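Reviewing the structure listed below.
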Amino acid sequence: MADNNTEQRIVWRPNPGPQTDLLECPVFEVFYGGARGGGKSDGMLGEWLSHSALYGQHAIGLVVRRELTQLRELIERSKQFFPQLGAEWNVVEKSWKMRNGARLTFAYLNNDSDADRFQGWSLTRVYVDEMGTFPDPAPIFKLMATLRSAHSVPCGFRGTGNPGGPGHGWLKQRYIDPAPLGYKLLQSDFTNPFTGGKIVRDRVFHSLPNYRQQVSRR
């Protein structure tokens with residue numbers, strides 16, 4: 001993946017299959033399931049590079065896990081290739097500023113009050129790593145409500161997960177039960193937790209085969 005404002009140098013390339021599908025998927029909400037080591041976290045970083053290259057300073061992203069320390073490896077991974085594209089790391093804010101002005105912040109999301117901190121944000125990408133660690137999806141739904149753009153940037157939510165964990169039940173109900181094989185467009189009403197407004201939003205489940213097999217046995 002190369003930034004539009006840099007020389008055309010490839011610093012990251014998606015693997016064929018779910019990673020490539022993730023980058024090309026236009027659906028608002030994507031859940032990417034797979035066992036550890038399946039390339040999910042790399043896929044999120046690559047999807048951000050693609051999004052930020054297209055929309056520059058109007059691309060604003062947020063990556064969360066339940067604890068900031070759990071993002072350490074993902075941050076270190078981003079440091080392996082983001083600087084090659086001219087991105088600058090702000091150690092205090094835990095954020096990247098790409099050469100074209102796009103911004104990506106890493107933060108924790110443990111409960112509803114943590115999600116409330118982002119109420120006034122206008123994000124074009126939200127990434128939730130390891131959604132199965134969240135026993136309740138309410139904080140995640142609050143982050144979805146921050147996805148909006150005054151510059152007509154297509155906004156999207158991207159989440160990853162492994163089988164099991166305290167959130168296995170709601171993840172299975174939301175993504176796997178309606179489409180066990182994945183890659184099926186689903187629609188449902190989304191109620192904004194902050195305003196109470198309702199809209200229809202699309203979602204889809206992308207997965208590695210071994211993830212589907214493990215989920216079906218639970």
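Give me the log10 of I(q) over I(0) for segment 18-216 at q = 0.10, 0.13, 0.18 Å⁻¹, as the Debye formula computes it from C-alpha points; what are the numbers? Normalising to I(0) and taking log10 leaves -0.38, -0.66, -1.35.
Sorting the segments 154-166, 68-80 by their residues' average number of neighbouring beta-carbon atoms within 10 angstrom, most packed first, yields 154-166, 68-80. The amide H of residue 123, built 1.01 Å from its N in the peptide plane, has 147, 148 as neighbours under 5 Å, considering only residues 5 or more places off or on other chains. With a threshold of 29 Å on the Cα-Cα distance, the over-threshold entries among 40/184; 97/198; 79/198; 97/172; 97/142; 142/184 are 97/198; 79/198; 97/172.
Since every read-out is calculated from the coordinates, none of them should be taken as a lab result. Treat the numbers as computed from the prediction; the structure is a model and nothing was measured. With ideal geometry, Cβ positions are generated from the backbone for all residues, glycine too; neighbour counts draw on all protein chains shown.
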